[in-house]
Amino acid sequence: MIETKHLTKVFGNLTAVDDLNLFIKQGDIFGFIGPNGAGKTTTMRILVTLMEPTRGHALIDGLDVTRNGQKVRRIIGYMPDFMGVYDDLKVFEYLEFFAAAFGIERSKRKSIVEGVLELTDLQSKKSATVDSLSRGMQQRLGLARVLIHDPKVLILDEPASGLDPRARIEIRELLKELKRMGKTIMISSHILSELEEICDHVGIIEHGQLVYSGTIEEIRPRLGIHTKVRVQVLDNQEKAIEILAALPQISQVQLCKNYISVTFREGENMDGIIARTLVNANIDVVAIQPEQLKLDDAFLQLTKGIVH
Amino acid sequence: MSVSKAHFLILFMNSTLIDILEYINPVRLFGPIFAKELIVSSRRRRNYFVRFAYPFFLAFFVASAFTRVFGYRGQYPSVMQVSQLAQVGISITTAIVWFQFIIVQFLAVVMLSTAISDEIYSKTLGVLMTTPISSFQIVFGKLLSKLLQLLLLIAISLPLLAIIRVFGGIPWYFVISSLCITLTASIFAGTISLIFSIYNRQSHLVISRTLLVCFFIYAGPLIAFVIMREFCKDNLHLLIPKLGLFFINPFMLMRTITTAMQLPSASIPGETWLLHCAVMLGLSVIVFIWSVSCVRKAGLRQITGQAGLFLTRKERKIADKKLRQSYSSSPVSGKIRDIKWHPVIWREIANPMIKPNRITSALGILLSLAFLVTAYGLCIYYEVLGRIVTHIVFVLVYFFIALIRTSTFASMSITNEKEARSWPILLTSPLAEKEIALCKIIGSCLRAWGYWLLLAAHLVVFILAGIIKAPVFIPLVLIAISSALLVSSIGVMFSSMCKRSTTSSILNIITFLTCIIPVCCIPFLYFVSPLFAAASIFGVWGGFIEMFDSFNISPNTPLYIIKIIAASHFSFIIYTVIYLLVTYGAYQLSANHIRWRIL
Ligand SMILES: Nc1ncnc2c1ncn2[C@@H]1O[C@H](COP(=O)(O)OP(=O)(O)O)[C@@H](O)[C@H]1O
Ligand SMILES: [Mg+2]
């Protein structure tokens, strides 16, 4: 659905996007991740026809964005990383304005606007002015606007930045709903864990270059990040450590305050082995708990080599 | 006196002196804002532009004054006598001094029109309030840094004036007094602009309000005086305030000075202009102190995060209430407007209708009504309503106001959206560039409909009254439409090319002043100006062909042919065609620049 080939954008002597090759399948949610200044916004601006690439090209639904700008604009919905200031337009007027700009017939506009307001849960705000909305609501309004012409592709630039956890969850739920509706979504963020739950694929960009692309699950082994579990035993901690350290699958055993942190070797199957071993050694196991996959750590590790 | 006492006294005096020096220490007085302003302004592209454009226009203006002097006499420098040369020197000096007087005041108003609102808008004023920088330093820093730039501009013309003095006949005295008057008038207008910029974000509103206030301050006493003299003809003591007018009206004083320069025998007493400058400075200080306290309040309000910084107290209350309602998630009442036209046109026109500033707009309407009534009343009083010339003046005034409004609306139409950052969003809609450009042009024209309505009403009433000849109507309407499109398309063109409203509106107003109003008296432009076109069409079709007699143009020159064409009945077709052609060009240019410098 979205494809870039050797996409490059140069500003003066700064290469903001450097030979970027992306491929996003139809119906996917693609997380576009990178630290500030990595070139996410620039890539997205090229995709939504606001900028022209210096080299390479980008296709959306098979249409070249530089040559078929008009057609591309009909099938995409773009939410920029800033919410503009709108001089006293009311929420409903704002949406109707864009409905008109997208060439929706007058007779249908009202019902369409009502529809997106319902989807984004903003009906109660329809006669409030846009600038009186809270940040979370403005973000939802931005999504409502993006949806007004029922685009196939959504390109959302940091939709969750600056939101409180609750508003984040609301946006996330909304995105899941949109995925169910079959839309292809490209969403950027500088926080990897933010997208962990909703994305099918992620691409990690750093200094304009794609350093990783694939599913979230694939990230772990690719990064050489080891799976860790926390083991809590009733007593005999020293003995437990001894036994576990002897196992060939386990690379590291560490005693933390009240639990033992166990790190597996790369690619090893860990199912049940700890529990089995310990129980066989007559040690009472209180709990075995996988440590949270620290995506942000992974992200840092991934980009460490490149940051100068 | 004991030694220790003397010591103590010296010590005391020393420490007081240090205190005083500390107090007037330039860094402390000017503050970091001054430094910041200087650094920032030296980086701004538009300041380079002003520094480049000003001498350019000055040279242009001098050149056109030069050709005018020689053109009228039909003589050339080789056959000029020394006394005539002095005369030339005087007229060119007059031209420069006036150019400077007008432009520097205008630039002061423009430069300071966003001085405080920029800080409020970027939410830095509140931050400044939490630092040890005083609001005095903020206002003073802003004012001084801009004035410094203006001084720089004034300095540019000094060598020119010095060269022209070689021609003889111009005492330094006149040059200095005119410069001082220019400077104090600029300071005064600048401080007024600054105080308005605390309460208004849009620079064109600030500028027009400042000009209006200055007009009332300068002309108000004059008008009152004229009216009073009219009604009590024999009470001579009423003449006394006339001298007082000089102290407050720099324009009158400048006129007196320049006419005095042309009559070598006459001279004006030095006290007059010195006193005038002192009065203007005093007034500026009052406005300055006032704005310091306003800035403080505005900044504190920003910190405490109350709504609607740009509103009056009552409106702020309403806005606060609205805000509370919207936070408490109860539906806010209020009419939702229907989008009846093309959305881009709708947005152009819908904007001004919902200005929350009801009180000021009502005041504006009242003032304009009072103005209209006075104007028509005076015409009736002097029994001049039956004369064609009166109506030409009315038509010109309406044309001028409508055109300048259209022009400013147009010059902001795109830059405003760029500044509000809603422009990129619109550009990701499938609206074509040409469509957007066209809608912006038409929308800006429609925004000034009120003024055109006034003109139409004037025409209809006086046609029905049998004073204006009916055939005038159609050609005049054609000219009105085509010239509105002309200025609108030029404004939109500038707007599409610039990033900031201030830049585009200044570029636009300069173009407007030089081309649309025949200020520069550049012969050809004179004849294509819409204002001239309106007047001449009124003259031709309204039966006032004599108006062309005032142009003493020698036959067999290109200008003479133009004059003949202008005086003919079908000239309006030519004008319309010319305007529409230029409109088309500007429209193409703007359509090509719609996606230019958008981010
Ligand atoms: N219009 C522009 N002109 C010059 N440099 C730009 C422009 N837009 C972005 N950049 C530069 O390109 C780089 C990438 O920016 P951006 O795409 O906004 O990063 P991100 O969105 O990932 O934070 C940054 O270093 C930024 O300074
Ligand atoms: Mg970004």
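Take peptide A:127-137, look around each residue's Cβ out to 10 angstrom, count Cβ atoms belonging to other protein chains, and average those counts.
Per residue, the average neighbour count from other chains is 4.
With a 10 Å radius around each residue's Cβ, average the other Cβ atoms per peptide and rank B:155-164, B:498-507, B:375-384, highest first.
Values: B:155-164: 14.4, B:498-507: 22.8, B:375-384: 12.2.
Top of the packing list down: B:498-507, B:155-164, B:375-384.
Carbon and sulfur atoms: what percent of the 1.4 Å accessible area of the range B:379-592 do they account for?
Working: 6410 of 8540 Å².
The nonpolar share, carbon plus sulfur, comes to 75 percent.
In deg cm²/dmol and to the nearest 500, what is the mean residue ellipticity at 222 nm of chain A if only DSSP H runs of at least 4 residues count, each as -39500 (n - 2.57), divided by the residue total? Could the numbers behind the result be given before it?
Details: 11 runs with 110 residues, N = 308.
Computed mean residue ellipticity for chain A: -10500 deg cm²/dmol.
When the Karplus curve 6.51 cos²θ - 1.76 cosθ + 1.60 is applied with θ = phi - 60°, which whole-Hz ³J(HN,Hα) does each residue of the range A:21-27 get, with x for Gly and Pro?
Once θ is set to phi - 60°, the couplings for the range A:21-27 become 10, 10, 9, 10, 6, 5, x Hz.
Report, please, the projected area of the range B:379-592 averaged over directions, based on the convex hull of its C-alpha atoms, in nm².
Details: hull surface 52.0 nm².
Mean orientational projected area (the range B:379-592, Cα hull): 13.0 nm².
What are the principal axis extents of the Cα atoms in the range B:157-196, in Å, biggest first?
Result for the range B:157-196: principal-axis Cα extents of 44, 16, 8 Å.
Note the buried accessible area between A and B here, summed over both chains, with a 1.4 Å probe, in Å² to the nearest 100. Could the numbers behind the result be given before it?
Numbers: alone 15750 and 31330 Å², together 43560 Å².
Chains A and B together bury roughly 3500 Å² of accessible area.
On average, how many beta carbons from a partner chain sit within 10 Å of the beta carbon of a residue in A:58-70? Can you show the working numbers first?
On the way: counts 0, 0, 0, 0, 0, 0, 0, 0, 0, 0, 0, 6, 4.
Per-residue shielding by partner chains comes out at 1.
Have a look at A:Val72, A:Val153, A:Val253 and tell me which one the Gaussian network model of chain A (Cα, springs below 10 Å) gives the largest fluctuation.
Of A:Val72, A:Val153, A:Val253, the Gaussian network model singles out A:Val253 as fluctuating most.
For chain A, what is the accessible area per residue in Å², given a 1.4 Å probe and the full set of protein chains? If you can, show how the numbers build up before the last one.
Numbers: 14010 Å² over 308 residues.
Roughly 45 Å² per residue, with all protein chains present.
Write down Rg/Rh for chain A, rounded to two decimals, with Rg from the C-alpha atoms and Rh from the Kirkwood relation over Cα pairs. Walk me through the intermediate numbers first.
Details: Rg = 24.0 Å, Rh = 21.9 Å.
Result for chain A is an Rg/Rh of 1.09.
Considering every residue in A:72-83, what mean count of other chain Cβ atoms within 10 Å of its Cβ is obtained? Before the final figure, lay out the partial values.
Numbers: counts 2, 6, 2, 1, 2, 1, 5, 2, 6, 0, 4, 3.
If you average over the peptide's residues, the count of other-chain Cβ atoms is 3.
Pairs of Cα atoms under 8 Å, at least six residues apart: use those to get the relative contact order of the range B:379-592, whole percent.
On the way: 264 pairs, mean separation 64.6, N = 214.
Contact order relative to length: 30 percent.
Listed highest first by mean packing, meaning other Cβ atoms within 10 Å per residue, what order do B:472-483, B:453-464 come in? Walk me through the intermediate numbers first.
Details: B:472-483: 19.9, B:453-464: 15.2.
Ranking the peptides B:472-483, B:453-464 by packing returns B:472-483, B:453-464.
Given the pairs B:Lys340/B:Lys440; A:Lys71/B:Lys434; B:Lys142/B:Lys297; A:Lys90/A:Lys179; A:Lys25/A:Lys179; A:Lys5/A:Lys25, which are separated by over 20 angstrom at their Cα positions? Intermediate values should be presented prior to the final figure.
Working: B:Lys340/B:Lys440 16 Å; A:Lys71/B:Lys434 16 Å; B:Lys142/B:Lys297 17 Å; A:Lys90/A:Lys179 28 Å; A:Lys25/A:Lys179 12 Å; A:Lys5/A:Lys25 15 Å.
Among B:Lys340/B:Lys440; A:Lys71/B:Lys434; B:Lys142/B:Lys297; A:Lys90/A:Lys179; A:Lys25/A:Lys179; A:Lys5/A:Lys25, the Cα-Cα distance tops 20 Å for A:Lys90/A:Lys179.
Using a Gaussian network for chain A with springs between C-alpha atoms less than 10 Å apart, which of these wobbles most: A:Gly103, A:Gly272, A:Gly136?
Most flexible of the set in this elastic network: A:Gly272.
Taking amide H positions as placed in the peptide plane 1.01 Å from N, state which residues far from A:Ser213 in sequence (5 or more) or on other chains have amide H under 5 Å from it.
The answer is A:Ile204.
The values are calculated or read from the model by the stated rules, or taken from the named source; none is laboratory data. All values reported here derive from a predicted model rather than from experimental measurement. Reconstructed Cβ throughout: ideal geometry from the backbone, glycine too, with neighbour counts over all protein chains shown. Surface accessibility is based on the protein's heavy atoms, side chains included, excluding ligands, DNA and RNA. Shrake-Rupley method; radii C 1.70, N 1.55, O 1.52, S 1.80 Å.
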